[in-house]
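See below for the structure under consideration.
The values are calculated or read from the model by the stated rules, or taken from the named source; none is laboratory data. None of these values were measured; they are calculated from a predicted model. Ideal geometry is used to build each Cβ from the backbone, glycine not excepted, and the neighbour counts take in all protein chains shown. SASA here: full protein model, heavy atoms, side chains in, ligands and nucleic acids out. Shrake-Rupley method; radii C 1.70, N 1.55, O 1.52, S 1.80 Å.
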Amino acid sequence: MDRFNGLNMGLGNLPQLSDAKTRSISPENFTGSKGSGGMATEGTGAGCARDLGTGWKVSPSVEIEPGATFTMAAIEGPGAIQHIWLTCFPTFWRNLIFRLYWDEEDEPSVEVPVGDFFCNGWQERSNVNSFPVAVNPAGGMNSYWLMPFRQAAKITMENTSAEKAVLYYQVNYTLTEVPANMAYFHAQWRRNSPVPYKEVHTILDEVKGKGHYVGTYLAWQVNNNGWWGEGEIKFFMDGDQEFPTICGTGTEDYFGGAWNWEQPSGQYSTYSTAFLGMHQLIKPDGLYRSQQRFGMYRWHVLDPIRFEHDLKVTIQDLGWRSGHRYLPQQSDIASTAFWYQSEPHSRFPDLPDNDSREVI
């Protein structure tokens, strides 16, 4: 039997021993070094701990100045990140940019506003009860995506806002052998505000290499009346041109629901399950909130969409108009795509600026 490397843990192999080493990085141990946690003599909790001294929650968080980029973790491999927990105030969720780099690469493999990475794109807290992502009261964000690396891993948070941000975080990882057939984790954010008339929203494009697509999160604002979710999601892979290999049947269908999510009659019903959900519904209030907003996720954990050479993912923005005809809508759609692939990866499009990411 091959020696177990401690990756892909589950109930079936929890009793199995390995030589993997467990480490953790937080503001109480910036390097993750063995026996070095809780040694801080200064930090954001120093005033509160002044009567108790070292070891008593002296450094539970960090402050990130406007325009600064903070390195949350710098790890020498091989190994894998297994869990990330963090929290910060919702007003920063579109202006704190979360990036991950593998094996000394110059371009990030993950570049997403932090709220959207954790399925909270509207800067309003919404709990998520799913397998790879959990968001718990009041804004505790958790990722269980397995993120292997062979040489090094780096996690940064850029504060693009005009105010100082406070970030609490913990990165749990293992140092162990990484099999040759393990790919690298990627995530990318895009937005159309609005979607151009008779065009589609592109979730992902220009992916080159071998891999598999594992998840979609959409923050969707509807800018017209009526049911809005007739649009089909399409996966163009391995040379597909005009027509895709995989074509869905409608927005709520892709996210595991049906019939407008209307249950009971006249109401949307939210849900959050292991692999799919429409977990967030923000209703108009008759004053400042004029449009309906939705948050939806679909994790292809048990049904990854595999590609050999290339991948493109789009979704239609489609509703209804008079005469029982489809209406090409112009919604505000922000998407986060999650996938694994071999490196190197194609350079991401430039991330839109603060105004173009703003929740308005």
Q: Being touching a strand residue (DSSP E or B) at 6+ places or on another chain (Cβ under 6 Å), assigned to a strand (DSSP E or B) and open to solvent by 40 Å² or more (accessible area, probe 1.4 Å) is the filter here, so list the residues in region 234-266 that pass it.
A: LYS234, ILE246, CYS247
Q.
Pairs needed: first member in region 334-345, charged (D, E, K, R); second member anywhere, modelled with pLDDT of 95 or more and surrounded by fewer than 21 Cβ atoms within 10 Å (Cβ to Cβ); C-beta distance under 8 Å; at least 6 residues apart or different chains.
A. GLU343/ASP103; GLU343/GLU105; GLU343/GLY209
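What residue, of ALA152, ALA165, is touching a residue at least 60 places away in the same chain (Cβ under 8 Å) and touching a helix residue (DSSP H, G or I) at 6+ places or on another chain (Cβ under 6 Å)?
Among ALA152, ALA165, only ALA165 is touching a residue at least 60 places away in the same chain (Cβ under 8 Å) and touching a helix residue (DSSP H, G or I) at 6+ places or on another chain (Cβ under 6 Å).
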(Q) If LEU302 meets every condition in (1) surrounded by fewer than 17 Cβ atoms within 10 Å (Cβ to Cβ); (2) of a type in the set (A, V, I, L, M, F, W, C); (3) not in a loop (DSSP other than H, G, I, E, B) apart from one, which number is that one? (A) (3)
Q | Neighbours by Cβ (under 9 Å, 6+ apart or cross-chain): first from region 39-56, open to solvent by 80 Å² or more (accessible area, probe 1.4 Å); second among the charged types (D, E, K, R) and assigned to a loop (DSSP other than H, G, I, E, B) | A | MET39/GLU28; CYS48/LYS57
Q.
For region 119-141, give me the residue count where each residue is farther than 18 Å from LEU167 by Cβ and without any contact (Cβ under 8 Å) to a residue 24 or more places away in the chain.
A. 2
Q | Residue in region 185-229 that is most open to solvent (accessible area, probe 1.4 Å), counting only those that are out of contact with any helix residue (DSSP H, G or I) (no Cβ under 7 Å at 6 or more places or on another chain) and of a type in the set (Gly, Ala, Ser) | A | SER193
Q. Does region 194-203 contain at least one residue that is assigned to a strand (DSSP E or B), among the hydrophobic types (A, V, I, L, M, F, W, C), closer than 30 Å to ASN29 by Cα and within 21 Å of the chain's Cα centre (by Cα)?
A. no
Q | In region 1-27, the residues that are in a loop (DSSP other than H, G, I, E, B), over 25 Å from the mean Cα position of the chain (by Cα) and closer than 30 Å to VAL58 by Cα | A | ALA20
Q. Cβ-Cβ below 6 Å, separation at least six or inter-chain, first residue in region 296-316 and more than 18 Å from ASN192 (Cα to Cα), second modelled with pLDDT under 95: which pairs?
A. none
Q: Determine whether region 71-88 contains at least one residue that is over 27 Å from ASN5 (Cβ atoms), among the acidic types (Asp, Glu) and part of a strand (DSSP E or B).
A: no
